[in-house]
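Only one structure is covered here, and it is reproduced in the block below.
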């Protein structure tokens, strides 16, 4: 069982030129991710939730605070940092931007397999690429390996991105608004796929979203962020059904009712 702990995370960015002030995007954020659980980080655009995700993925360096995986702080360089980056993978918001348009789907999946030495031969890598595509319900897999990203639909591209994140056999998956760029009709399928993979792989998942309905149905806990700070944190049903903070109440008032809105028909219930 893996646990990722975030304690007192802070991120400052330089203010516009001509001033010495700094912009604090994230302030004193703390939480834990455990295997088999999903934590949703919810907030409006600019609330700091994606910055938190990027710091955990080591795409941004924290100004202060600590990030630990199974009690070990992140190393600054070397093999330990590479092991951390293999264990903590990220699925980005825009699948077209996150996939190199020059390379085939096979290349996108084969590269992380090779970097993490997941097979002993060329044939072994070919087989694992096919297995990854089948895992994300791109079947028959042989129909996809030679295509390039622009030859796939948005939902198919995001499934490839999820398969790429699975290639290093991660313990933690960060999903940064993984369905916001997709058509409404295919969002549920991608979210159900991620929920299924989480159960099968016993992943710890951080789900970044502004959608309270999916946050409730696909997560165990919800953290609500406002202006860089966590203003409410608790079990999903408690946060949605009995919000305590005024900002959470405003978010809920602005959202459609998932119990009556047709967009949310078919959402799975948490186990």
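Each value in this text was obtained by applying a stated rule to the coordinates, not by laboratory testing. The structure displayed is predicted, hence computed values, not measured ones. Positions of Cβ are generated from backbone atoms using ideal geometry, with glycine treated the same way; all protein chains shown enter the neighbour counts.
The long axis of helix 154-166 is offset from the longest Cα principal axis of the chain by roughly 80 degrees.
Applying the Kirkwood pairwise sum to the alpha-carbon positions of segment 49-161 produces a hydrodynamic radius of 15.7 angstrom. The modelled label-to-label distance between residue 81 and residue 242, using points 7 Å beyond Cα along the C-beta direction, is 4.6 nm.
In this entry, segment 1-108 is assigned a mean projected area of 9.5 nm², taken as a quarter of its C-alpha convex hull surface. Relative to the dominant Cα principal axis of the chain, helix 78-87 is inclined by about 90°.
Our estimate of slack between residue 139 and residue 64, defined as 0.36 nm per intervening residue step minus the Cα-Cα distance, is 22.5 nm. Computing FRET efficiency as 1/(1 + (r/R0)^6) for residue 185 and residue 147, where r is the C-beta to C-beta distance and R0 is 30 Å, gives about 0.90. Segment 186-202 and segment 205-235 have Cα centres separated by 17 Å. Compared with the dominant Cα axis of the chain, that is its longest principal axis, helix 184-201 is turned about 80°.
For the chain, the equivalent ellipsoid built from the Cα gyration tensor has semi-axes of 30, 24, 18 Å, listed from largest to smallest. DSSP bridge analysis restricted to the chain gives an antiparallel fraction near 55%, rounded to the nearest 5.
Grouping the Cα pair distances of segment 181-257 into 5 Å bins from zero gives a pair-distance distribution of 3, 14, 25, 24, 17, 13, 5, 0 percent in increasing distance order. Across every direction, the projection of the convex hull enclosing the Cα atoms of segment 75-221 has a mean area of 9.4 nm².
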